[in-house]
Amino acid sequence: MKALRHPALHWLLGIALGAVFIYASIDKIEQPREFARIVYHYRLIGPSAALGFVPANTLAVTLPWVEALTGLLLIVGVWRREAALTAAFLLVTFLVAVGWALAHGIDVENCGCFRVSGEGRAAGTKLILQDLGLLAVALLLAFVPPRAREAAPAGAPVPLPQGKLVVPTGTHPR
Amino acid sequence: MRLWRAVVIVAAGAVLGLAWNAFGGRGIALSGNAYIKPGEDIVEIDAAEAKKRLDKGALFLDARPVAFYGMGHIPGALPLPEDDFDRAFAGLEPRLRNTLDIVVYCSGYGCEASHIVARKLREKGIHAAILHEGWPAWTDAGYPTKEGKEP
């Protein structure tokens with residue numbers, strides 16, 4: 001389990017997960033109408049007589065930018081744990097949507113994961129496995145913090161997680 | 001881990017998305033139907049209006065797969081399934097060309113088949129309105145239905 005806390009692993013996984021999210025956002029940002037159509041196909045948040053078109057359209061224009069921002073933060077490593085938490089939240093949402101479609105026999109021909117126009121991947125079991133894999137990475141980044149880069153030599157200032165410098169007292173070599 | 005940061009990420013992403021939609025030049029109308037392309041001249045009607053047109057003798061087209069048509073359809077409607085358009089259209093073409101008031105429907109808001117069929121008809125010079133709330137709205141309103149393969 002020690003390897004899971006290696007800083008280099010977190011750095012690499014952050015870049016990889018971030019790249020997936022940014023890649024996923026590009027087509028949706030370029031073709032909002034096509035992505036909105038796919039959101040409709042899920043029949044999860046409308047459009048319906050009760051909801052109208054606004055919730056589905058709003059989701060279609062905002063979700064890709066949340067994905068892009070999450071991916072960017074994961075790559076540059078700023079707010080990485082919180083960005084990973086956001087990624088986990090998004091992935092759980094996708095899993096619920098795909099599960100809903102499968103459970104209701106709704107044939108979502110194109111899942112809208114990476115490509116929104118033409119032939120896309122169907123929402124199916126393979127997609128659920130892929131999302132679970134990404135979710136595992138996101139949860140690792142969010143909840144298993146990397147250990148400090150290297151142990152500080154005795155007597156040296158020890159940086160606390162908050163970034164404050166504290167000089168240990170009583171152990172100063174004379 | 002600071003939870004508020006995750007909230008900020010989602011909120012900032014949403015604001016960026018709404019701003020891009022408003023000012024990016026490719027935005028969509030948030031209250032509009034994304035099944036209809038910009039500039040596309042397609043008329044959408046609700047169930048009550050569809051019933052009125054049915055009573056006046058409008059021709060209804062069922063864009064759902066034929067299996068659904070057999071389980072129940074609007075009386076008098078002809079099957080023109082989106083997944084078998086070319087073949088079905090060939091059989092119906094003479095009649096469609098001689099009809100002025102045509103209404104296409106499928107299985108409701110999430111269903112795109114009626115829009116695709118109306119678009120294909122339009123490309124062939126035939127105008128059709130869309131019952132955009134579809135079959136569920138028709139049955140919810142208690143309007144007559146018919147089972148079986150006959151119109």
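Computed from backbone phi, the HN-Hα couplings of segment B:61-72 come to 10, 9, 8, 6, x, 4, 4, 5, 4, x, 6, x Hz, rounded to whole numbers (Karplus: 6.51 cos²θ - 1.76 cosθ + 1.60, θ = phi - 60°; Gly and Pro given as x).
For GluC sites (Glu not before Pro), the sites in segment A:59-154 that DSSP calls loop and that have at most 15 other Cβ atoms within 10 Å are A:Glu109, A:Glu119, A:Glu150.
Among DSSP bridges having both ends in chain B, what percentage is antiparallel? Round to the nearest 5.
Values: 1 of 11 bridges.
In chain B, approximately 10 percent of DSSP beta bridges are antiparallel ones.
Each residue of segment B:39-46 is assigned a 3J(HN,Hα), and the resulting list reads x, 6, 9, 10, 9, 10, 10, 9 Hz, derived from the Karplus form 6.51 cos²θ - 1.76 cosθ + 1.60 (θ = phi - 60°), x at Gly and Pro. Each label was represented as a point 7 Å from its Cα along the Cα-to-Cβ direction; for A:Ser117 and B:Met1 these points are 4.0 nm apart. Using bins of 10 Å that start at zero, the share of Cα-Cα pairs per bin across segment A:56-113 amounts to 21, 45, 27, 8, 0, in whole %. Compactness of chain A is given as radius of gyration and Dmax, 21.1, 80 Å, from Cα positions. All Cα-Cα separations within chain B were binned at 10 Å from zero, giving a P(r) of 11, 36, 26, 12, 11, 5, 1, each value a whole percent of the pairs. Pairs exceeding a 30 Å alpha-carbon distance, out of B:Lys52/B:Lys124; A:Lys126/B:Lys120; A:Lys28/A:Lys126; B:Lys56/B:Lys146: A:Lys126/B:Lys120.
Structure remark: mean-square fluctuation, Gaussian network model of chain B, C-alpha springs under 10 Å; the largest value among B:Arg26, B:Arg95, B:Arg122 belongs to B:Arg26. Backbone amide hydrogens, once placed in the peptide plane, bring B:Gly72 within less than 5 Å of B:Gly148, excluding anything fewer than 5 places away on its chain.
Take the Cα of B:Ala67, step 7 Å toward its Cβ, do the same at B:Val15, and the gap between the two points is 4.9 nm. Backbone N atoms of segment B:1-24 closer than 20 Å to the 7 Å Cα→Cβ label point of A:Val76 belong to residues B:1-20. Span-like helix criteria (full DSSP H runs; alpha carbon extent of at least 18 Å along the helix axis; mean Kyte-Doolittle hydropathy of at least 0.5) are satisfied in chain B by B:3-23.
Helices that extend 27 Å or more along their long axis by alpha-carbon positions and average at least 0.5 on the Kyte-Doolittle scale are, among the DSSP H runs of chain A, A:7-30, A:54-76, A:80-103. Label separation (B:Ala29 vs A:Lys2): 6.4 nm, computed from points 7 Å beyond Cα along the C-beta direction. Taking H as built 1.01 Å from N, whose amide H comes closer than 5 Å to the amide H of B:Leu78, not counting residues under 5 places away? For B:Leu78, whose amide H was placed from the backbone, the distant partners under 5 Å are B:Phe60, B:Leu61, B:Asp62. Spatially, segment B:90-147 and segment A:89-123 are offset by 27 Å when compared through their Cα centroids. Quick check on the protein assembly as shown: take the gyration tensor over C-alpha atoms, sort the square-rooted eigenvalues as a ≥ b ≥ c, and tell me if it's rounded (a/c under 1.5), prolate or oblate. It comes out prolate by the Cα gyration axes. Fully extending the segment from B:Glu150 to B:Val8 would add 45.4 nm, taking 0.36 nm per residue of separation and subtracting the current Cα-Cα distance.
Every number here is computed from the coordinates shown, using simple stated rules; none is lab data. For clarity, every value in this text was computed on a predicted model and none was experimentally measured. Because the Cβ atoms are built from the backbone with ideal geometry, glycine has one as well, and the counts that use them run over all protein chains shown.
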